[in-house]
Amino acid sequence: MDLEKRLLEGLKALPGMPADVESLGHRLLQYIELIAKWNTTHNLTAVRDPEAMIARHLLDSLTVLPHISGPNIVDAGSGAGLPGIPIALARPDWRVILVESNQKKAAFLMQAAVELNLTNVVVKSQRIEKLSVENKIDTVISRAFSSLNRFAQLAGGLCKDNVEHCRLVAMKGAFPDLELMQLSPEFKVEQIIALTVPGLRAKRHLIVLRCS
């Protein structure tokens with residue numbers, strides 16, 4: 001099965017996708033081609049095979065869409081742009097801020113935003129705790145960023161102007177029992193959602209936090 005067919009089948013199996021999945025699929029493939037190209041010199045991601053990137057990066061990132069709220073999204077520790085760029089491609093009506101302190105990875109994010117014509121993406125090359133924003137943030141999301149409590153402590157300040165509606169959302173693999181036990185009482189677990197990623201057998205969980 002070719003990459004495009006595999007990706008389109010996965011997209012059609014996910015809830016919350018736009019009607020024109022073919023157009024989305026084409027742009028997502030452009031994106032992983034960029035990752036593969038830059039990976040040779042910048043070590044953006046340990047996943048090297050574009051076929052493996054479909055489930056482990058693209059579809060994995062997009063499973064969160066029904067569970068997050070816009071229009072103002074922050075991707076903390078964006079790395080290669082995951083999950084922020086797939087979210088921005090699927091939801092052009094949302095504004096996505098990609099925060100990445102590593103200069104080389106931030107340079108990739110800026111180039112990807114240009115080449116993919118992502119007018120709804122802003123790249124910030126800085127640490128998440130130093131980020132200042134103009135608009136109220138609805139969702140701060142992280143994927144393979146840090147422990148749950150550290151993520152909450154570093155990013156929680158972004159919710160201070162929108163405490164009632166803003167949520168901190170952490171993408172995790174196996175159920176993070178220990179991390180949940182270590183979570184500071186100033187953050188409350190609102191939801192724990194088991195996710196199913198098409199083509200991926202590994203366990204995935206979404207932890208949704210709110211500031212108390």
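Is it the case that some residue within the stretch 54-70 is in contact with a helix residue (DSSP H, G or I) (Cβ under 9 Å, 6 or more places away or on another chain), more than 29 Å from GLU129 (Cα to Cα) and outside any loop (DSSP other than H, G, I, E, B)? Within the stretch 54-70, one or more residues are in contact with a helix residue (DSSP H, G or I) (Cβ under 9 Å, 6 or more places away or on another chain), more than 29 Å from GLU129 (Cα to Cα) and outside any loop (DSSP other than H, G, I, E, B). Restricting the stretch 11-25 to residues that are surrounded by 13 or more Cβ atoms within 10 Å (Cβ to Cβ) and assigned to a loop (DSSP other than H, G, I, E, B), the residue that is farthest from the chain's Cα centre (by Cα) is ALA13.
Quick check on ALA112: is it touching a residue at least 12 places away in the same chain (Cβ under 8 Å), over 23 Å from ILE207 (Cβ atoms) and of a type in the set (Gly, Ala, Ser)? It is true that ALA112 is touching a residue at least 12 places away in the same chain (Cβ under 8 Å), over 23 Å from ILE207 (Cβ atoms) and of a type in the set (Gly, Ala, Ser).
When the residues of the stretch 165-181 are filtered to those that are open to solvent by 20 Å² or more (accessible area, probe 1.4 Å) and closer than 19 Å to SER132 by Cα, the one that is modelled with the highest pLDDT is ARG167.
Is it fair to say LEU118 is surrounded by 17 or more Cβ atoms within 10 Å (Cβ to Cβ), outside any helix (DSSP H, G or I) and free of Cβ contacts under 8 Å to residues at least 40 places away in the same chain?
Values: surrounded by 17 or more Cβ atoms within 10 Å (Cβ to Cβ): yes; outside any helix (DSSP H, G or I): yes; free of Cβ contacts under 8 Å to residues at least 40 places away in the same chain: yes.
It is true that LEU118 is surrounded by 17 or more Cβ atoms within 10 Å (Cβ to Cβ), outside any helix (DSSP H, G or I) and free of Cβ contacts under 8 Å to residues at least 40 places away in the same chain.
With respect to being under 24 Å from ARG127 (Cα atoms), within 17 Å of the chain's Cα centre (by Cα) and surrounded by fewer than 19 Cβ atoms within 10 Å (Cβ to Cβ), SER184 falls outside the description.
Meeting the requirement of 2 or more residues that are of a type in the set (S, T, N, Q), the strands (runs of 3 or more DSSP E) wholly within the stretch 134-206 are 139-143.
Only one of GLU9, GLU51, GLU100 is over 28 Å from GLN126 (Cβ atoms) and in contact with a helix residue (DSSP H, G or I) (Cβ under 9 Å, 6 or more places away or on another chain). Can you tell me which?
So the residue among GLU9, GLU51, GLU100 that is over 28 Å from GLN126 (Cβ atoms) and in contact with a helix residue (DSSP H, G or I) (Cβ under 9 Å, 6 or more places away or on another chain) is GLU51.
The values are calculated or read from the model by the stated rules, or taken from the named source; none is laboratory data. None of the values given here were measured: they were computed from a predicted structure. Note that we place each Cβ from the backbone using ideal geometry, even for glycine, and neighbour counts take in every protein chain shown. To get the accessible areas, we keep the full protein, side chains included, count just its heavy atoms, and leave off ligands, DNA and RNA. Shrake-Rupley method; radii C 1.70, N 1.55, O 1.52, S 1.80 Å.
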